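Asker: Attaching a single structure in structure tokens format; questions to follow.
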Amino acid sequence: GCGLGLLAHALRADGQAMAYRGIDLDAAKIARARRAAARAGLADAMFEAQDLADPAFDLASLGHHGNVAVLDVLQFVPAEARRPLLEKMTAMLAPGARLVIRTGLADGSRRARITRAVDVFSRVVGWMGATPGGYPEPEMLRAAFDAAGLRSQFTPLYGRTPFNNWLVVATRDA
């Protein structure tokens, strides 16, 4: 879910020059990300259109081994495909690497209901290209991380907003 590739630009602006590979379902966004990266001269930044939830898409074929960021994606992945996708992503983590996720959580809270309602409204009025199918449950995420031998931390990002946004970081020990 790299979208327009903003994370690549932010990393470079922060002085981090590691290779970057962005994947998004939206081919138009990928085309715009490639143009923006070329204009900015981002070295080692690659972008491709792929459906991460497609069981036929082999993440291992990317050859990536390091950190992984998944921003505002899991709610669009069908519930039955989330666990296999998490297993593929955690397998890509090098020792000391992190899986960084920004997502809403299905925790039964009022914030979760508001987030879902606003996301559905956003789809209806055309602000979003798809309607979220559902949000991951914190227990499922923790179980997936535990099974992969990762330490995890869940930090709310909602501040004073009514939304249920969370930063989830799972770390493979060095």
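Asker: Please report the spacing between the Cα centers of segment 91-110 and segment 121-135 in Å, no decimals.
Answerer: The distance from the Cα centre of segment 91-110 to that of segment 121-135 comes to 21 Å.
Asker: If you build the Cα gyration tensor of segment 1-116 and take the root of 5 times each eigenvalue, what three semi-axes come out, in whole angstrom, biggest first?
Answerer: The answer is 24, 17, 15 Å, longest axis first.
Asker: Further, regarding this structure: Could you identify which residue out of 103, 161, 115 has the top mean-square fluctuation in a GNM of the chain using Cα springs shorter than 10 Å?
Answerer: 161
Asker: Whose amide H sits under 5 Å from the amide H of residue 68, counting only residues 5 or more places off or on another chain, with H placed in the peptide plane?
Answerer: Under 5 Å from the amide H of residue 68: 98, 99, 100.
Asker: If the elastic network links every pair of Cα atoms under 10 Å, which of 102, 123, 111 fluctuates the most in the Gaussian network model of the chain?
Answerer: Sorting by GNM fluctuation, first place goes to 123.
Asker: Could you list the square roots of 5 times each eigenvalue of the Cα gyration tensor of segment 50-105, that is, the equivalent ellipsoid semi-axes, sorted largest first and rounded to whole Å?
Answerer: Values: eigenvalues 63, 43, 15 Å².
Three semi-axes, in Å: 18, 15, 9.
Asker: Compute a Gaussian network model of the chain, connecting alpha carbons closer than 10 Å, and tell me which residue from 120, 70, 100 fluctuates the most.
Answerer: Per the Cα network of the chain with a 10 Å cutoff, 120 tops the list.
Asker: Next question. Taking a ≥ b ≥ c as the square roots of the Cα gyration tensor eigenvalues, with a/c under 1.5 meaning rounded and otherwise prolate when a/b beats b/c, else oblate, which class fits segment 1-50?
Answerer: Verdict is prolate for segment 1-50.
Asker: According to the square roots a ≥ b ≥ c of the eigenvalues of the Cα gyration tensor, what is the shape class of segment 57-172, taking rounded for a/c under 1.5, prolate for a/b larger than b/c otherwise, and oblate for the remainder?
Answerer: prolate
Asker: Calculate the length of the line joining the C-alpha centroid of segment 138-166 to that of segment 31-61, in whole Å.
Answerer: With segment 138-166 and segment 31-61 each reduced to a Cα centre, they are spaced 26 Å.
Asker: While we're on this one: Report ³J(HN,Hα) in whole Hz for each residue of segment 152-162, in order, from the Karplus equation J = 6.51 cos²θ - 1.76 cosθ + 1.60 where θ = phi - 60°; Gly and Pro get x.
Answerer: Result, ordered by residue: 10, 9, 10, 10, x, 10, 6, x, 9, 8, x Hz.
Read-outs throughout are calculated quantities, based only on the coordinates presented, and are distinct from any laboratory measurement. Predicted model, so just to flag it, every value in this text is computed and none were measured.
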